[in-house]
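Peer 1: Structure below; questions to follow.
The values are calculated or read from the model by the stated rules, or taken from the named source; none is laboratory data. Treat the numbers as computed from the prediction; the structure is a model and nothing was measured. We place every Cβ from the backbone using ideal geometry, glycine too, and count neighbours over all the protein chains shown. Heavy atoms of the whole protein, side chains included, go into the accessibility calculation; ligands, DNA and RNA do not. Shrake-Rupley method; radii C 1.70, N 1.55, O 1.52, S 1.80 Å.
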Amino acid sequence: MCAIFGFSGFDEPGLLERMARILVHRGPDGEGFFAAPGFSMGMRRLSIIDLEAGWQPIHNEDDSLVVCYNGEIYNYVELAEELKSKGHTFKTHSDTEVIVHAYEEWGEQCLERFNGMFAFALYDRRKDEVFLARDRCGQKPLYYWQDGGRLIFASEVKAILESQQVPRACNTRALDAYLGLRYVPEPATMFKDIYTLPAAHCMRLKRGQAPEIRRYWDIQLTEGNDYQSDAFYLEQIEAKLMDAVRLTMRSDVPVAAYLSGGVDSSVIVAAMTKFNPSINTFSIGFDSPIDETKDAAETAKFLGTNHQEVHCLPQDFDLLRKVIWHMDRPVGDALIIAFYKLAEAASSQFKVVLSGEGADEVYAGYSFHKVMQLVENYMHCMPGALHQHGVVPMLNAVPVGLLNKMFEFPAYLGERGKARLVSFLRHYRGRNLFQNYTALKTLWDIDERRSIYSEEFAAQANDDWIPQVRDEGGKFLDRLLKIQYDEWLQDWAIIRQDKNTMAHSLEIRLPFLDHTLIEEGFRMPPRIKARFLKDKIIERWLAAKLLPREVVNRPKNPFFLPMEFFFEHPQISALIRETLNRDQILKRGYFNPDKVDALVKKMETREFVYLKQVMSLVILELWHQVFIDKQAP
C-alpha cells in the first residue's frame, strides 16, 4: 500500500483523480477514494498484505473514522488480537484496519504502539477533523501545502503540484542548504511553500484553524555510566534484530533482499535465512576498482541465497532525468541512478525487499563518526595554542597522498579536500556539535558558496539553515548519532531508497530502523559502538555469530558512484555541457557562470570534492527542468 493523497478546505473537480493517476507507480494494483463535505482523500495500492480484502479507504464499525494509509504496521497481528479482545470487530486481515480501531481505542497514543513504517491520513466525521501521521524515522514520505484553511497532502510532491492552487516555484531560500548538504533538511523542501511532515510527527487539522503539528517520539540519551554488561547488550540486540527481521518478513507475497559486501546487509540476510532458507538477493556494482559485487557474491554463496548482480554504467546516466522525477526533491548524488537500477532488477520478480540501511546511524558506521569522536577526544587533552599554532600547520604540510591512506575517503581527497579538513580542525572549538557535523560532511563551505553564487544570491550564503542541537546532555557519540535522525536519515539515506523502489512498485523494508532496536542502541555504552578506528563493534560481535570471519571483519566501504572513472564518458560529458553551459547558468540566475566553468574544468584533477560539486549542480539544474520548467522526464 504505497501512496496517499488528499485535500481539505476547498473543492477542485478532478484533482483527486489526477493525483491518483500521477502516483500509479507507487500502487499499480488499485485505487480508492473518500469524500466528505470539505475533505477528500484517496490512495493507490500495492497489494502485499490481505491481497483480496485489504482495499482502502477502510472504516471503523460505525463509519465515524476512515483511513488511507501508506506503509506497513509490522505488529498488526498482535495489535489486532488485542483490539479484538477489547470488543473491536474486524472486516479484513489487513494492517490498515488496525489503524482505525487503534485510533478509536487509544487516540493519538496509538502511534506509540505501532511498529512499522507509515504515513496515513485519518478523517474523523464526528469531530470533522483530519489527522496525519508519519513514522518515527521518516521511512514513508508525506508532503503538504497549506494556505489559510486550505491543505493538500500526498506521498509525493508531484501529486500536490497537480492542483491549480499550487504554483510551481523554487524555494530559493533552500539553495544554500542544498549546496551545503546536497539535500534540503526537513521540514523545508526545494519547492516554495511545500513542506514535509517531519519524521516522528503528527498533524491535526480542524476546520477553520491552523494545523497543529507535534513530535510524538524521540530518542532518549543516557546520562551517567550505569550500564549493563556487554554480554547483556549483545543478547538484547540479537533478540531485537531477529524479531525485527521476523516482523519485516511478514507478507502475503515473497520477500527478497539487497546484499552488498558489507556487514549490515549480510547480517540482515543471515537473519532472514533463519526464517526462510530460500532467499533471493540482489547486489549492484560499477565495473570499477571499488566494486563490491565479488564480496557480495561470496557472502551469498556462504548463506546459500539465489544471488543476482546488477551493474550501473556510465551510459545509465541517460536515466538521471527520470530518476529525478521520481525523487521529487533534488538529492545531489548520482548514486541515485544505482538505487534506481537495483530496484528495477528486484521488482521484475518481487514486490518486497529488505535492506541493511539504518545500521550505520545507530552503531556508528560512517567514517565521520570516528573522525569526530577522535577529534573530540583530542580537543579535550590538547592545549588550544598548541593545536592552532603547532598541530594545524603541521597537518597542513602533510602530503595529500598520506592523508588518503590514513582515512577512508572515497576517491581521491585532493588538495581541496585536505584544505577542508584543515579548516574543520582549525575552527572546531568555535562551533557547536551540529555545526561541526555539517562542516565535516559538507561539499561547499560558506566561502565556496559565496564565491559561486551570482551577485544577486551571494548575500544568502550563511549557516542559518543548520538545525539546532536539541540535546546538550548525554555522551558525545550518542549526541552525534541522534542528530542524524533529525535530517540526514530521512532526507539523504531513506529518500533514495523509498523513491527509487516505489518508482518500480517495490516496497523496501529496513529492520535496523525498528524503533525498539534504535532505543536499545542508545541505552548501551558508546564504547561498544565505536572506539578509536573501530566501528559498529557490537554489530560485528553479532555478525560473528552468523557469518564467516572475513565478512565480519570487512572494513566499511563507502557506497558511492565512482565518478572519477565515469566523468570522461561521452554521455556524462554531454550531460554536463547540457546542464551547466553558460546560457543555462545565466537563465537560472543563481550562479556565476565563470565560476561554474572553472569548477567543471577542475574535474580533470579527479578530486573527490570537485566531482561531487559538479554533479550536485547538474542534478539541481535537471530538477529545475523537470519540475519548474515542466520538461518531460
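Peer 1: So is Glu162 of a type in the set (Asp, Glu), more than 30 Å from Lys545 (Cβ to Cβ) and modelled with pLDDT of 95 or more or not?
Peer 2: Answer is yes for this residue.
Yes/no matrix, rows are residues, columns are (1) touching a Lys or Arg at 6+ places or on another chain (Cβ under 7 Å); (2) part of a loop (DSSP other than H, G, I, E, B); (3) under 30 Å from Ile528 (Cβ atoms); (4) open to solvent by less than 20 Å² (accessible area, probe 1.4 Å):
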{"position": "Gln308", "(1), (2), (3), (4)": "no, no, no, no"}
{"position": "Leu319", "(1), (2), (3), (4)": "no, no, no, no"}
{"position": "Pro330", "(1), (2), (3), (4)": "no, yes, no, yes"}
{"position": "Ile337", "(1), (2), (3), (4)": "no, no, no, yes"}
{"position": "Glu344", "(1), (2), (3), (4)": "no, no, no, no"}
{"position": "Gln349", "(1), (2), (3), (4)": "no, yes, no, no"}
{"position": "Gln373", "(1), (2), (3), (4)": "no, no, yes, no"}
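Peer 1: Sticking with this one: Quick one: Asn75 ticks every box in (1) modelled with pLDDT under 95; (2) within 21 Å of Ala244 (Cα to Cα) bar one, so which box is it?
Peer 2: Condition (1) is where Asn75 drops out.
Peer 1: Can you list the helices (runs of 4 or more DSSP H) lying wholly within segment 538-584 that have 1 or more residues being hydrophobic (A, V, I, L, M, F, W, C), open to solvent by less than 30 Å² (accessible area, probe 1.4 Å) and over 30 Å from Ser265 (Cα atoms)?
Peer 2: Result: 570-580.
Each row is one residue, and each column tells you yes or no for (1) touching a helix residue (DSSP H, G or I) at 6+ places or on another chain (Cβ under 9 Å); (2) free of Cβ contacts under 8 Å to residues at least 60 places away in the same chain; (3) crowded, with 16+ Cβ neighbours inside 10 Å; (4) part of a helix (DSSP H, G or I).
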site	(1), (2), (3), (4)
Arg246	yes, yes, no, yes
Arg250	yes, no, yes, no
Ala257	yes, no, yes, no
Ser278	no, yes, no, no
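Peer 1: Continuing with this model, one more query. Of the conditions (1) open to solvent by less than 10 Å² (accessible area, probe 1.4 Å); (2) of a type outside the set (S, T, N, Q); (3) touching an Asp or Glu at 6+ places or on another chain (Cβ under 6 Å), Tyr366 fails just one. Which one is it?
Peer 2: Answer for Tyr366: the failing condition is (1).
Peer 1: Which members of segment 1-19 meet the condition of being closer than 24 Å to Asn60 by Cα, outside any loop (DSSP other than H, G, I, E, B) and under 24 Å from the mean Cα position of the chain (by Cα)?
Peer 2: Answer for segment 1-19, where residues must be closer than 24 Å to Asn60 by Cα, outside any loop (DSSP other than H, G, I, E, B) and under 24 Å from the mean Cα position of the chain (by Cα): Ala3, Ile4, Phe5, Gly6.
Peer 1: Continuing with the same structure: Answer with yes or no whether Tyr195 is touching a Ser or Thr at 6+ places or on another chain (Cβ under 8 Å), closer than 30 Å to Ile619 by Cβ, assigned to a helix (DSSP H, G or I) and at pLDDT 95 or above. Break it down stepwise before answering.
Peer 2: Numbers: touching a Ser or Thr at 6+ places or on another chain (Cβ under 8 Å): yes; closer than 30 Å to Ile619 by Cβ: yes; assigned to a helix (DSSP H, G or I): no; at pLDDT 95 or above: yes.
No.
Peer 1: Scan Val398, Val422, Val362 and give me the residue that is under 27 Å from Lys529 (Cβ atoms), of a type in the set (Val, Ile, Thr) and modelled with pLDDT of 75 or more.
Peer 2: Details: Val398 fails: under 27 Å from Lys529 (Cβ atoms); Val422 fails: under 27 Å from Lys529 (Cβ atoms).
That would be Val362, the only listed residue that is under 27 Å from Lys529 (Cβ atoms), of a type in the set (Val, Ile, Thr) and modelled with pLDDT of 75 or more.
Peer 1: Being assigned to a loop (DSSP other than H, G, I, E, B), in contact (Cβ under 8 Å) with a residue 24 or more places away in the chain and open to solvent by 70 Å² or more (accessible area, probe 1.4 Å) is the filter here, so list the residues in segment 74-125 that pass it.
Peer 2: Across segment 74-125, the qualifying residues are Thr89, Lys91, His93, Arg125.
Peer 1: While we're on this one: Any residue in segment 604-625 that's closer than 18 Å to Ala574 by Cβ and among the acidic types (Asp, Glu): show its pairings with residues that are part of a helix (DSSP H, G or I) and modelled with pLDDT of 90 or more at Cβ separation under 9 Å, as long as the two are six or more apart or on different chains.
Peer 2: Glu621/Glu578; Glu621/Thr579; Glu621/Leu580; Glu621/Gln584; Glu621/Ile585; Glu621/Arg588
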